[in-house]
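**Q** The structure's right below; bear with me while I get my questions together.
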Amino acid sequence: MRRMLLCLVPLALLVAGCPDKDRKSKVDQLMSAAQMPSGDPVPKPREKTVWKKMPSISVDNLGVYIGGERAHLNEKKGAAELKDIVKRLPMGDEPVPIVAPKKAPAKHVVAVVVALGEGGASEIIIKTPGRNDLPDEITVVPEMTLDKVPGCSISVMVNDVLNTGVWSYKGGIGQKHVKGFAGPDLSNTAESIKKRMKICKSPIAFFGGSFKHEWQHFYNLGALVTKLNEKKRIEKLVLLADEPVAGRPVKLRK
């Protein structure tokens, strides 16, 4: 019996030692496999589109959609995304068309116009269907393309509470029109613009406002100036890149 036990002990040790040996062998195999280069090719990053023809440009609540690419202007990364897209656009002498629904944030439309201007666009056509008494598109000029601006140039804006102001580019006394029940008082604003058009021969006019508003309130002012410009005296309608202050000199980005 004792001899039998002695014989079984080495056998037990041998059996007990096998799992550890097998486990170690499997670990070694896995580590070796991990160190070996994979046979699958590393995927290359997708090449960014460089357009030969101007793609469609649409502004919305998220930012702007250009040729299938999105710039998230409501996020911190949006400005960099927009700049990257614009540098791949085929800028030329033709105006750049964009679509901006009236409910889009005004600050998004302004950001797109500024980026296009910095990218080389000299004119931008903004299409905004809305009111029947105003044109459904306006042509604007990025302010960084301006050289000399006559001091009497018409400036019009809508402020935080939807009051409108009409004054001259150099600053000074202007006209303030309190909002009505349906929004900005466009009728009296139009009268103030007409009066200034008679006394100022400047070919430049400015419009803008508080960035808290929807685009329609900015657009209506620009469209109003366009409609009243029957003699085509105003050649450059400028969408301001920054919020103006009625009565004070208009500050432009250079």
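**Q** Among the residues of region 171-183, is there at least one that is more than 26 Å from residue 214 (Cβ to Cβ), in contact with a helix residue (DSSP H, G or I) (Cβ under 9 Å, 6 or more places away or on another chain) and buried (at least 16 other Cβ atoms within 10 Å of the Cβ)?
**A** no
**Q** For the structure I just gave you, tell me whether residue 241 is under 19 Å from residue 110 (Cα atoms) and in contact with a Leu (Cβ under 7 Å, 6 or more places away or on another chain).
**A** No, not satisfied.
**Q** Scan region 192-210 and give yes if some residue there is surrounded by fewer than 20 Cβ atoms within 10 Å (Cβ to Cβ), of a type outside the set (A, V, I, L, M, F, W, C), within 21 Å of the chain's Cα centre (by Cα) and closer than 17 Å to residue 241 by Cα, otherwise no.
**A** Looking for residues that are surrounded by fewer than 20 Cβ atoms within 10 Å (Cβ to Cβ), of a type outside the set (A, V, I, L, M, F, W, C), within 21 Å of the chain's Cα centre (by Cα) and closer than 17 Å to residue 241 by Cα, one finds at least one in region 192-210, hence yes.
**Q** Which of the residues that make up region 125-136 are within 20 Å of residue 93 (Cβ to Cβ) and touching a Ser or Thr at 6+ places or on another chain (Cβ under 7 Å)?
**A** Residue satisfying the conditions is 125 alone.
**Q** For residue 155, work out the one condition from (1) closer than 14 Å to residue 63 by Cα; (2) surrounded by 16 or more Cβ atoms within 10 Å (Cβ to Cβ) it doesn't fulfil.
**A** Condition not satisfied by residue 155: (1).
**Q** Let me ask something additional. For region 217-227, give me each residue that is of a type outside the set (Lys, Arg) and either over 25 Å from the mean Cα position of the chain (by Cα) or farther than 19 Å from residue 178 by Cβ (or both).
**A** Selection gives 219, 222, 223, 225, 226.
**Q** Quickly run through region 169-193 and pick out the residues that are assigned to a helix (DSSP H, G or I) and within 19 Å of residue 204 (Cα to Cα).
**A** Answer for region 169-193, where residues must be assigned to a helix (DSSP H, G or I) and within 19 Å of residue 204 (Cα to Cα): 189, 190, 191, 192, 193.
**Q** Only residues that are part of a strand (DSSP E or B) and without any contact (Cβ under 8 Å) to a residue 60 or more places away in the chain: list them for region 207-254, please.
**A** 207
**Q** Determine if region 87-102 includes at least one residue that is touching a residue at least 60 places away in the same chain (Cβ under 8 Å) and over 20 Å from residue 241 (Cβ atoms).
**A** Checked against the condition, which is being touching a residue at least 60 places away in the same chain (Cβ under 8 Å) and over 20 Å from residue 241 (Cβ atoms), region 87-102 yields at least one hit.
**Q** If you don't mind, there's one more thing I want to ask. Check residue 236 against each of (1) in contact with a Leu (Cβ under 9 Å, 6 or more places away or on another chain); (2) basic (Lys, Arg); (3) surrounded by fewer than 15 Cβ atoms within 10 Å (Cβ to Cβ) and name the one condition it does not meet.
**A** (3)
No lab work stands behind these numbers, since they all come straight from the coordinates. These numbers come from a predicted model, not from an experiment. Here Cβ is always computed from backbone atoms with ideal geometry, including for glycine, and neighbour counts include all displayed protein chains.
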